[in-house]
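Following: one structure in structure tokens, then a few remarks.
Quick note: the coordinates plus some simple rules give every number you see, no bench work behind them. All values derive from a computational prediction rather than experimental measurement. When we count neighbours, we look across all protein chains shown, and the Cβ atoms used for this are built from the backbone with ideal geometry, even at glycine.
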Amino acid sequence: MRVKFESGVSFWLKLLIVVFNIITLLLFSAKIFIDSYITVKLGIAFLVVDAVVIVPLILLTYYKFEDDCLLIHDFPIRQFRIKYTDIVDVEDGDFETKEKKSIVALSLDRIVLVTEHEDSEGKKHKRYIYISPKDMSLFLIRLSARLEQNKVDIEQKAKEISLKQKEHELKKKLAEEKRKKEKEQNAPEIIRMKSSPKAEGFKEKKTDDGEEKSPDDGE
């Protein structure tokens, strides 16, 4: 499965690079007709720009699909990652002016990735990132598949979390019932003494005269 896509390069950008290099060559050639090193110095400066800026810009601009994000590599050292969960839309790369945009496209055959994120205050902001993959159709197929897969992964993860939560609640409930039973088993038993018939025989009886008489006294 292809995961790395080179950036397309516009015809006009290619033409500009060709003209730039022709001018550089002419500057070095001018030394033959002009007895000065000014043109040579300018030619060297053009070569440095070509080697440091133009060539790396063409060769090192690419887009790579990673597990959970899209890697966008622009220029020799700049790169940033966009999480698939942050991509909310894909639009045509027209010339409409949009705030918070980043152009990482070298061709007019481009698309716009619309991302959304929240700031510290909870407000949602959109960002528009222009990219120009060389194989646009295949790139869009891969991007669509990644977004769908990420959606499935999120739903699956949500189900797993829900199941784990239910399992945790069940274990908690069983543990509480177990502690309750153990508490009931370990509770001290209360022994209640019942009065026996013999004990009742020791109660004092009253005589006919109204005097109390114990059972041991004679009738």
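Can you tell me how the stretch 53-134 classifies by the Cα gyration tensor, rounded, prolate or oblate, using a/c under 1.5 as the rounded cut? Prolate.
How long is the gain from L26 to H117 if the chain were fully straight, where each residue apart is worth 0.36 nm and the alpha carbon distance is subtracted? Can you show the working numbers first?
Working: separation 91, 0.36 × 91 = 32.76 nm, distance 5.01 nm.
Full-extension gain reported as 27.8 nm.
Taking 19 Å as the limit for the C-alpha separation, the pairs K101/K124; K4/K124; K83/K151; K14/K134; K64/K124 exceed it in the case of K4/K124; K64/K124. Amide H to amide H, with H built 1.01 Å from N, R110 comes under 5 Å of G93, counting only residues 5 or more places away or on other chains.
Charge tally around L174: other residues with Cβ under 13 Å, Lys/Arg +1 each, Asp/Glu -1 each, net +3.
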